[in-house]
Amino acid sequence: MKRVLVTGGSGFLGSFLCEKLLDRGDEVVCVDNFYTGSKRNIYHLLDFHSFELIRHDVTQPIYVECDEIYNLACPASPIHYQTDSVQTVKTCVHGAINVLGLAKRTKARILQTSTSEIYGDPAVHPQVEEYWGNVNPIGARSCYDEGKRCAETLFSCYRRQCGVDTKIARIFNTYGPRMHPNDGRVVSNFILQALQNRDITIYGDGRQTRSFCYRDDMVDALMRLMDTPPEFGGPVNLGNPEEFTMLGLAERIAELTGSKSRIVHMPLPEDDPVQRRPDITVAMDVLGWKPTTPLRDGLLRTIEYFERLLVDDPEFCAAR
Ligand code: NAD
Ligand code: UDP
């Protein structure tokens, strides 16, 4: 039985990863400071003997014994990571140093959840792993973009210099049940607005594109990446290569929810990337993976989740 540490394990992706690892028979240690994560996401796991929860901030060193580490700790939505940008940089950089130090001592294999944001506002489409990106190093998004880039550097240094078995996943926009209702991300915003017949807020003209990967597909990819041989460290793009405009997404969500919402336009946030789509050739070749959940199915499951959440916990839906 493997002992697996998941930092950020009470978040949107982390909680589902913990669940899948437990299903597979692993022992799971979930570490989280509950900055954006919630106990409600892991409440159903607390009774498992093989599940352990530690409230801890990854900017501080952590001492546990483990065979594998998934490093997910970091707020992922622009609103959340910009609220305390200094803490975001510390989480990305000090957090990476702490978990890499732990991996070096315990000889654990370690996976970093990096992001498509390391490409910034890309000048190359679709984005391939060889592309170095186009990032504003001092802009509003830089605490996250540059923090994650530095974490990739640290992972590469520990691999090259210390022989740590590292893996880097570059995650593109992912959605699904357990997204934070108020993280301001486009899928959760549009669904909640549509369900409550509030205005659907499109930033800019809505012609900017993103590609959306369903949570279950993403977690499957992360587990496959962790299981690759030590020679493979990535980075590897993980996401859905189908590209949608925000206008198209809004119309689709309005239709699926039968909403009476109006579509309104609001100012585009600073440094908002115009176009984003992953080239997933490496993921297909090395991991034998590609996303299988059509956007419609994933959206319907996410809509169902938020419909229930609005009834069960309206306060949580209103909270930041
Ligand atoms: P999330 O905000 O739901 O989860 C992040 C978790 O990390 C939360 O539980 C939060 O409380 C915890 N956390 C934050 N700072 C911490 C700290 N200093 N110490 C301990 N715990 C801390 O976000 P998510 O969508 O589940 O993202 C998980 C990871 O995947 C993040 O690293 C994110 O950057 C990356 N990622 C996600 C997406 C996406 O679309 N969801 C895209 C690219 C990258
Ligand atoms: N967006 C939007 N309306 C919203 C929230 C987001 O039009 O209510 C846009 C946002 O400007 C961006 C895209 O949707 O162009 C994706 O935003 P999100 O915050 O989900 O992710 P990211 O920008 O990090 O890809």
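The values are calculated or read from the model by the stated rules, or taken from the named source; none is laboratory data. This structure is a prediction, so every number in the text was calculated from the model and none was measured. Note that each Cβ is placed from the backbone with ideal geometry, even for glycine, and that neighbours are counted across all protein chains shown.
Things to note:
- Of the criteria (1) away from ligand 2 (no atom under 14 Å from the Cβ); (2) over 19 Å from Arg207 (Cβ atoms); (3) surrounded by 13 or more Cβ atoms within 10 Å (Cβ to Cβ), which one Pro241 fails: (2)
- Inside segment 62-86, residues that are over 21 Å from Ser15 (Cβ atoms) and either more than 16 Å from ligand 2 (Cβ to nearest atom) or among the aromatic types (Phe, Trp, Tyr) (or both) make up a count of 4.
- Conditions (1) in contact (Cβ under 8 Å) with a residue 60 or more places away in the chain; (2) surrounded by 14 or more Cβ atoms within 10 Å (Cβ to Cβ); number of the one not met by Glu65: (2)
- Number of the exception - Val286 against (1) over 16 Å from Arg170 (Cα atoms); (2) surrounded by fewer than 18 Cβ atoms within 10 Å (Cβ to Cβ): (1)
- Residues of segment 89-140 that are in contact with a Phe, Trp or Tyr (Cβ under 7 Å, 6 or more places away or on another chain), part of a loop (DSSP other than H, G, I, E, B) and touching a residue at least 60 places away in the same chain (Cβ under 8 Å): Pro122 alone.
- Hits in segment 128-144 (condition: under 24 Å from Glu242 (Cβ atoms) and out of contact with any Asp or Glu (no Cβ under 6 Å at 6 or more places or on another chain)): Glu129, Glu130, Tyr131, Gly133
- Selection of segment 253-278 for residues being under 23 Å from Pro78 (Cα atoms) and acidic (Asp, Glu) yields Glu270, Asp271, Asp272.
Here's the yes/no breakdown for (1) more than 15 Å from ligand 2 (Cβ to nearest atom); (2) at positive phi; (3) surrounded by fewer than 21 Cβ atoms within 10 Å (Cβ to Cβ); (4) under 14 Å from the mean Cα position of the chain (by Cα):
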position	(1), (2), (3), (4)
Gly163	yes, yes, yes, no
Thr166	yes, no, no, no
Met179	no, no, no, yes
Ala194	no, no, no, no
Asn197	yes, yes, yes, no
Ile200	no, no, no, no
Tyr203	no, no, yes, no
Arg207	no, no, yes, no
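Residue-wise test of (1) within 21 Å of Val31 (Cβ to Cβ); (2) at pLDDT 95 or above; (3) in contact with a Ser or Thr (Cβ under 8 Å, 6 or more places away or on another chain).
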residue: Tyr81; (1), (2), (3): yes, no, yes
residue: Gly95; (1), (2), (3): yes, yes, yes
residue: Leu102; (1), (2), (3): yes, yes, no
residue: Arg141; (1), (2), (3): no, no, no
residue: Leu154; (1), (2), (3): yes, yes, no
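- Residue identified as in contact (Cβ under 8 Å) with a residue 12 or more places away in the chain and away from ligand 1 (no atom under 15 Å from the Cβ) among Asn189, Asn237, Asn197: Asn197
- Only a single criterion out of (1) in contact with a Cys (Cβ under 8 Å, 6 or more places away or on another chain); (2) of a type in the set (Val, Ile, Thr); (3) under 17 Å from Asn237 (Cα atoms); (4) surrounded by fewer than 16 Cβ atoms within 10 Å (Cβ to Cβ) is not satisfied by Val86, namely (3).
- Matching residues, segment 152-186, being in contact (Cβ under 8 Å) with a residue 24 or more places away in the chain and among the β-branched types (Val, Ile, Thr): Val164, Thr166, Ile168, Ile171, Thr174, Val186
- Subset tally (residues that are in contact with a Ser or Thr (Cβ under 7 Å, 6 or more places away or on another chain) and not charged (D, E, K, R)) for segment 223-256: 8
- Restricted to segment 168-271, the set of helices (runs of 4 or more DSSP H) holding at least 2 residues that are farther than 30 Å from Ile42 by Cβ and at pLDDT 95 or above comprises 246-257.
- Every residue from segment 246-278 that is of a type in the set (Lys, Arg) and either within 16 Å of ligand 1 (Cβ to nearest atom) or in contact (Cβ under 8 Å) with a residue 60 or more places away in the chain (or both): Lys260, Arg262, Arg276, Arg277
- Selection within segment 1-49 - closer than 19 Å to Thr91 by Cα, touching a Lys or Arg at 6+ places or on another chain (Cβ under 7 Å), in a helix (DSSP H, G or I) and more than 16 Å from ligand 2 (Cβ to nearest atom): Ser15
- Verdict on Thr302 being part of a helix (DSSP H, G or I) and either in contact (Cβ under 8 Å) with a residue 24 or more places away in the chain or buried (at least 17 other Cβ atoms within 10 Å of the Cβ) (or both): yes
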